[in-house]
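The values are calculated or read from the model by the stated rules, or taken from the named source; none is laboratory data. Only a predicted model underlies this, so the values are computations on that prediction, with no experimental measurement involved. Because the Cβ atoms are built from the backbone with ideal geometry, glycine has one as well, and the counts that use them run over all protein chains shown. Quick note on the areas: whole protein, heavy atoms, side chains included, nothing else; ligands and nucleic acids left out. Shrake-Rupley method; radii C 1.70, N 1.55, O 1.52, S 1.80 Å.
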Amino acid sequence: MLGHLVSPIVVVVVAVPVMGAAVAAALVQRDGLSLDRLMLAAFRFARSPKRRATGAAPAAPLPSWVGATTPPLPSPLNLPLRSVSDDGVVDLAEHGCAVLVSCSTVSFALRTPSEQNGLVNGFASYLNSLNTPVQFLIRAESIRLDPLVDALDQAAPNLPHPALEGAARDHADYLAVLSQSQDLLRRQIVLVLTEPGDASHGAVSVRRRAEDAVRGLASAGSRARVLTGPEVFAVLASAADPSSRHVPPAGLAGLDTVITGPATAQEP
């Protein structure tokens, strides 16, 4: 179309970078996303509000007669989950439901070559048995040794021998110095399994898949277990705010549980 207006060399010089950028945006991936989808996500993130708050209605703006400059008001925070049941099934509303499985790490480098081959074959067998996508979430979170140090200091005077008491106090001092001089981290591995459709019907299926995953990962040397409702709540809260320690109180009733009072004994 431009051949009669400009030289073909100019067209090639201009078109090659554009075509290269288009091919790179379509084929190059980062973290599982193509560059065009990554740029679209970055554009949406740049235009979205950075401050959000939970609540049914957004905050009301200040009246025009108030002479104060305020930062942009927070937008409503719409969480992707609706509820978490006691047995650990996460209701994702129209996206189905999910179950979280905690997996332990495996000391692969300390094993013999034959043992390593067995672990690899066991993990490969589990992956080959999958017919739906799963996600392995690997997180690193900080460790606080203060509770362990306090427990050692409290238990040391009750030990049966003075040597044991001295060893306990020395170990508590070592942990206290270690926590102050090092940034201690622990690795958390969570397997996420999802099931589309209604959560009431998909809960049984996703729970069965989670139990199969526990047995499949055992052949790979990983001790896995299905997380309960409070444990799922703690994982989600820690992922959303790593610096917090949100632990739900024990004994809370579910959202759909009918609460009844204890039966009172009648006097004769």
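Assessment of the stretch 75-86 against the conditions (at pLDDT 85 or above and either farther than 30 Å from Arg215 by Cβ or out of contact with any strand residue (DSSP E or B) (no Cβ under 6 Å at 6 or more places or on another chain) (or both)) yields at least one matching residue. Residue count for the stretch 77-113 satisfying the condition of being under 15 Å from Ser219 (Cβ atoms), surrounded by fewer than 15 Cβ atoms within 10 Å (Cβ to Cβ) and more than 17 Å from the chain's Cα centre (by Cα): 2.
Name the residue, out of Ala109, Ala68, that is at pLDDT 80 or above and assigned to a loop (DSSP other than H, G, I, E, B).
Answer to the check: Ala109.
Considering only residues that are surrounded by 11 or more Cβ atoms within 10 Å (Cβ to Cβ) and in a helix (DSSP H, G or I), which ones fall in the stretch 24-41? Hits for the stretch 24-41 are Ala24, Ala25, Ala26, Leu35, Asp36, Arg37, Leu38, Met39, Leu40, Ala41. Residues in the stretch 191-236 that are polar (S, T, N, Q), crowded, with 18+ Cβ neighbours inside 10 Å and over 20 Å from Phe108 (Cα atoms): Thr194 only.
Scanning the stretch 174-190 for residues that are open to solvent by 100 Å² or more (accessible area, probe 1.4 Å), in contact (Cβ under 8 Å) with a residue 12 or more places away in the chain and either in contact with a Gly (Cβ under 6 Å, 6 or more places away or on another chain) or outside any strand (DSSP E or B) (or both) returns a single hit, Asp183. Residues in the stretch 42-55 that are over 22 Å from the mean Cα position of the chain (by Cα), open to solvent by 100 Å² or more (accessible area, probe 1.4 Å) and of a type outside the set (D, E, K, R): 1 in all.
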